[in-house]
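The structure appears right after this line, and notes come after that.
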Amino acid sequence: MDRVNLPPLQQSALLQPAVRLAASGPPAARTVRDLPTPKGAPIIGNMRQLDGAYFHRTLENWARELGPLFRFTVLNRSMVVASSRAALTALMRERPDLIRRGSRTSAMMEEAITPGVFSAEGDDWRQQRKLVMRALTPEVVHNFFPTLAALTERLRLRWATAAAEGRKVNVLRDLKAWTLDVTIGLAMGRDSNTLEHEDDPLQRDIETVFARIAARLTTPIPYWRVFRLAVDRESDAAAQRIGDALAGIIAIARKKMEANPALRSKPSNMLEALVAARDEPGSGFTDQAVIGNAITMVFAGEDTTSNTIGWLLDFLVRHPQQLDGVTREADGVLGADKVVQDYRLLDDMPYLDAAIREAMRLKPVAPFMILEPVADIVIDDTLIPAGTPIFTLLRHSFERDNTLTAPDLFQPERWLGQGTAGADDPARKLFPFGGGARFCPGRYLAMAEMKMAVSMLVHEFRPLLDQSAPPVEERFTFTMTPSVLPVLLQSR
């Protein structure tokens, strides 16, 4: 059995009914091969049933049929799927020492882009985390807020012009471009303006690499490690250009900080914060770490935030009462302003906050996470060998085990008035930003972005359901994306 050295306190914390080290307690009653499994084919197993675009739905449907712990196989390799809330909570709590991100996912990230905190593990993750947390503090986001407000005003003007001219707006496309502009602006201090110009070279390269990672995640055989197709060579070239561009941007940031030393203590963007931390004597960081984490910031922040806003808008246009609640609140906070100008006002929108959380509960952009143990563990009395991929069904765990009234309905009101210490607090039952020590460091920025965009939209426009749009489907790429966003914008 592989072993891992854990601090005494963490070692004792592992002794939970749902998850424990195999070396602790009595022997497990069953092995992975004893778990229920969906019917498959010889040798290839369930490979043909795993459609990439609907991968998450396939796993959730199997979970409804087979229970909270089962396995499926691909080319004679077993993968475990877990959806018990107790097991998922325990697994996340024990990251990064006993449980790590799936090595296949991390390897694919590192093959495609410069490594950063997303793919790092163990002591490397701890060091990378310190660097990123220095760059994503609320103070850094507050210093960036005027830029966030200006980018949101640009989005408003684009939509206002289209509405005045009677043109239909591709809301989801614009949200993705706006979010990319925000993340590049914060991560790199650069105005890419992909909202108005779709031909930005850096934006194209980022999209190219992002699409390749997403495609590889649901490809059973890693062919690219043996030979490269044209799309792989294109992605490699794009990644090289991104690294070269960032090296140049870092050089510019250093010159700017030399001219204005105050930026080292009060950086205006994430890149400046990263450079300041890297340049401290004995920091142990390198420019490659700065590049890797700046890129990671863009990858982690683009689709996740825009897709969450998209899912929320889809709910709001179908629920007029909740839309009215979000609109009244935004009108009261913004008043004569068209965009929030003071970041402190974002805390004055509890109903919008509740609506965002409800959308993340029903349509999480990460419906599952792939983890693996670094030592043999026991989950629900089943021995799981070290290195076994464990698909944790985050959304389905809530569906399986919750105490909410009418859990299938979109009801933001259920989040209002809940105490953070109460056992029935819904916040304790969701994992939209992960959990445990690897809780997403960008959650504060993500919530700020969502509140900025949605409050502006409902304050200035009346979103309507596009009755001519096709049905909305969940599509899995790197995140869970709506196939369409049936939202029309009408000036108020």
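Worth a mention:
- Tally, over segment 209-253, of residues that are over 30 Å from Phe391 (Cβ atoms), over 23 Å from the mean Cα position of the chain (by Cα) and either open to solvent by 60 Å² or more (accessible area, probe 1.4 Å) or touching a residue at least 24 places away in the same chain (Cβ under 8 Å) (or both): 11
- The test for being buried (at least 24 other Cβ atoms within 10 Å of the Cβ), of a type in the set (A, V, I, L, M) and modelled with pLDDT under 95 does not hold for Val326.
- Residues that are aromatic (Phe, Trp, Tyr) and touching a residue at least 60 places away in the same chain (Cβ under 8 Å) within segment 27-82 comprise Tyr54, Phe55, listed in sequence order.
- Scanning segment 403-419 for residues that are at pLDDT below 75, surrounded by fewer than 18 Cβ atoms within 10 Å (Cβ to Cβ) and more than 23 Å from Leu352 (Cα to Cα) turns up nothing.
- Candidates Val458, Val454, Val378, filtered to the one that is at pLDDT 90 or above, crowded, with 20+ Cβ neighbours inside 10 Å and not in a helix (DSSP H, G or I): Val378
- Filtered residue count, segment 259-286, keeping only those that are out of contact with any Pro (no Cβ under 6 Å at 6 or more places or on another chain), open to solvent by less than 30 Å² (accessible area, probe 1.4 Å) and under 19 Å from Thr147 (Cα atoms): 7
- Among residues of segment 180-207 that are over 22 Å from Leu263 (Cα atoms), those with a beta-carbon under 7 Å from a residue that is open to solvent by less than 10 Å² (accessible area, probe 1.4 Å) and of a type in the set (Asp, Glu) at least six positions away or on a different chain give the pairs Leu180/Glu302; Asn193/Asp181; Thr194/Asp181; Leu195/Asp174; Leu195/Asp181.
- Of all the criteria given as (1) open to solvent by less than 40 Å² (accessible area, probe 1.4 Å); (2) within 26 Å of Val231 (Cα to Cα); (3) at pLDDT below 90; (4) assigned to a helix (DSSP H, G or I), the one not satisfied by Arg204 is (1).
- Only one of the numbered conditions (1) open to solvent by 10 Å² or more (accessible area, probe 1.4 Å); (2) touching a helix residue (DSSP H, G or I) at 6+ places or on another chain (Cβ under 9 Å); (3) at pLDDT 95 or above is not met by Lys176, and that is (3).
- Residues in segment 461-491 that are over 28 Å from Leu393 (Cα atoms) and either open to solvent by less than 40 Å² (accessible area, probe 1.4 Å) or touching a His at 6+ places or on another chain (Cβ under 9 Å) (or both): Phe461, Pro463, Asp466, Ala469, Val487, Leu489.
- Residue in segment 338-348 that is modelled with pLDDT of 85 or more, outside any loop (DSSP other than H, G, I, E, B) and crowded, with 21+ Cβ neighbours inside 10 Å present: no
- Being at pLDDT 75 or above, touching a Pro at 6+ places or on another chain (Cβ under 8 Å) and surrounded by fewer than 19 Cβ atoms within 10 Å (Cβ to Cβ) holds for only one residue in Ala164, Ala160, Ala86, Ala150, and it is Ala86.
The values are calculated or read from the model by the stated rules, or taken from the named source; none is laboratory data. Everything numeric here is computed off the predicted structure, so don't read it as measured data. Please note: Cβ atoms are built from the backbone with ideal geometry, for glycine as well, and neighbour counts cover all protein chains shown. When the accessible area is computed, the model is the full protein with side chains, heavy atoms only, and any ligands, DNA or RNA have been set aside. Shrake-Rupley method; radii C 1.70, N 1.55, O 1.52, S 1.80 Å.
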